[in-house]
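The values are calculated or read from the model by the stated rules, or taken from the named source; none is laboratory data. Source: prediction; values computed, not measured. Virtual Cβ from ideal backbone geometry, glycine too; neighbours counted across all protein chains shown. For the accessible areas, the whole protein counts, side chains as well, though only heavy atoms, and no ligand, DNA or RNA atoms are used. Shrake-Rupley method; radii C 1.70, N 1.55, O 1.52, S 1.80 Å.
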Amino acid sequence: MNTIKILLILFIISFLNANEIMPTKTLNISAGATDLVINDNKLFVSTSAGVINIFSLKDFKLISSITIPQIKNFMGEISNSKIYSIDVLNNKVLILSQGKKGARKIDIFENGKLRNIISDTKHLFIARAKFINDEEIVFSLLSNELLLYNMNKKKIIYDKQISQSRFSYFALSENKKDILIADESGNLKLCDVRTGNLLKTYTGQNLDNVFQIDYKNSKIITAAQDRRAVFYSKNDTYYKESNFLIYSCALNSNGKLAAYSSNENNDVTIFDTLLKKDLYQLKENRMTLTKILFINDNGILVASDDNKINYYKIKE
């Protein structure tokens, strides 16, 4: 009888461990990752050291790098310009980075040259910026103002105060018509990109600062300070709990799979959003996570404050 019990315990342990996945490949980058973007079969990785590393998605080999000029910090010392977010459209790279004396600036890198769009002399504390089209970008300030800016006309189309809570993160819909905004209140605001007008508010699920969100196929996942990863869809809303702060999250393209940083070891749990079932746990992430990105339904990238990005193959 004891032998049977031992065999049963071993079977259960082996079954649980079967869903633990180690990295298939590790990419070396210049410093801790701050943002990841996929465009034209390339992976663009921005870093805290003012460098964007560009990899081929076919073999994850480094193709090239973009380096932002160094700046003078508050102490008057020369330092690297931390990059906060990037975006890519039609061979142009949109770069939000640290400017002089704590202000921030937006540049576009194209044809080997860096062109300034928003100067740090405007003293704007920009938190995140993305392309809307070839002429327009949208960006948020830490004060939770949302701005639409026409680059050709050098004109602000609108400047909307979304709420009085400090801004955390935003995500655009696939067609870039809607923008979902998260802040320290825990509430989510869905706004119209063309007007900045509020379309919908999601409340009552996250009770504290939402660090990050993803928004795909009308589905939402959050990563928050209250240790909840909330999933929203038209038919259901529920949350997954962690024993540690949840810093990062992601959805696959159709929103059927979700991922979130799920414990103090920086492991990532992937679950089926319809069945609410945990499927995989991604291991060996050494530092606090900054970005999770599904390449497709079979592969996922996990970035952190470490100078390495882990790639996991989650299905055979």
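Figures for the structure shown
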quantity	calculated
For the stretch 289-306, Karplus couplings with θ = phi - 60° (6.51, -1.76, 1.60), whole Hz, Gly/Pro x	6, 10, 7, 10, 9, 6, 6, 7, 6, 9, x, 9, 10, 10, 10, 8, 6, 6
Cα gyration tensor shape for the stretch 121-205, rounded if a/c is under 1.5, else prolate or oblate	oblate
3J(HN,Hα) from dihedral phi, the stretch 220-226, Karplus parametrisation 6.51/-1.76/1.60, rounded to Hz, x for glycine, proline	9, 10, 10, 10, 9, 5, 7
Centre separation in Å (Cα based) which lies between the stretch 43-86 and the stretch 113-161	20 Å
Environment charge of residue 40, counting only residues whose C-beta is closer than 12 Å and scoring Lys/Arg +1, Asp/Glu -1	+3
Area of residue 275 that stays accessible when all protein chains are in place (1.4 Å probe, Å², to 10)	120 Å²
Whole-number percent relative contact order across the stretch 13-159, with pairs defined as alpha carbons under 8 Å at least 6 apart	12 percent
Acute angle (nearest 10 degrees) that the helix 2-17 long axis makes with the longest principal axis of the chain, alpha-carbon atoms	20 degrees
Placed amide H near residue 280: partners under 5 Å, 5+ positions off or other chain	270
Percent accessible area from carbon and sulfur atoms, the stretch 92-135, protein chains only, probe 1.4 Å	48 percent
